[in-house]
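To keep things clear, I will list the structure first and then write my remarks on it.
Please treat every number below as a calculation from the coordinates, not as lab data. Worth saying up front: this structure is predicted, and the values here are computed from it rather than measured. Every residue, glycine as well, gets a Cβ built from its backbone with ideal geometry; the counts of neighbours run over all protein chains shown.
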Amino acid sequence: MVDEKFQEEKRRAIAERMSKVRAAKEEKKIAQATPAPSVKNLEEENEFLRSELDAVNDGELSKSERRQIEEEVRREVRAAERKSKKDELRKKLKKKFEQERGLREGEEEIYLDLAKHSNCIMLDGVQYFHGRVYKVRTSVAAQMRETMQSGHYHQAEVDGKFKRYYTKRPGNINPAGGGGLTTTRSLVEV
């Protein structure tokens with residue numbers, strides 16, 4: 001009899017320790033998943049929320065009603081977040097499929113490699129600077145290539161070199177990756 005009571009107490013103690021360990025692990029996971037806000041800001045925010053909730057509550061709502069309302073609000077926020085993510089995905093997919101079918105002009109990345117006499121080009125009121133990668137419409141990329149080529153031809157003429165002197169140099173690899181290789185050699189020939 002004494003042995004059974006002792007064994008039962010031992011089981012309870014072990015179960016209690018195990019539940020505390022599990023709870024601590026869950027709290028640690030949650031703490032790692034969310035960034036730790038500053039203590040001062042967190043205290044101020046909690047105090048503000050308590051005062052706001054107390055003003056709304058005024059003792060008229062029970063704890064279960066309050067929990068139910070909190071859960072409803074959480075669900076609404078999650079639903080709104082899911083809806084915005086779905087809308088964003090729809091826009092991206094629509095753009096992709098329109099480009100595939102030719103209903104929308106495609107986009108491409110281009111590395112701007114200008115002649116030494118210029119630091120930027122301006123198209124439609126937008127400045128594009130030397131040495132940067134831009135993601136632009138295909139027609140704008142074609143215009144940029146033509147402008148780069150003309151600039152290099154002009155620089156060669158001013159320097160007393162043959163026309164394609166600066167376009168014969170080694171190409172520049174697109175530093176952004178994914179866009180392939182855009183070089184001064186691949187510019188449209190006139």
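Gain in length, R67 to A13, computed as 0.36 nm per residue apart minus the alpha-carbon separation, to one decimal in nm? Net length gain for the segment: 16.3 nm. Using R₀ = 25 Å, calculate the FRET efficiency as 1/(1 + (r/R₀)^6) where r is the Cβ-Cβ separation of R104 and V126; round to 0.05. For R0 = 25 Å, the calculated efficiency reads 0.80. Listed cross-link partners K28/K86; K92/K135; K116/K161; K63/K83; K5/K25 are compared with a 25 Å cut-off, the Cα-Cα value being larger for K28/K86; K63/K83; K5/K25.
Rounded to the nearest 20, the size of the Cβ-charge dipole of the stretch 75-122 about its Cα centre is 560 debye, with Lys and Arg at +1 and Asp and Glu at -1. Couplings 3J(HN,Hα) of the stretch 134-151, computed from phi: 10, 9, 9, 4, 4, 5, 5, 4, 4, 5, 5, 4, 4, 5, 4, 5, 4, x Hz, in residue order, whole Hz [Karplus 6.51 cos²θ - 1.76 cosθ + 1.60, θ = phi - 60°; x for Gly and Pro].
Across the stretch 61-104, the fraction of Cα-Cα pairs farther apart than 13 Å, rounded to a whole number, is 66%.
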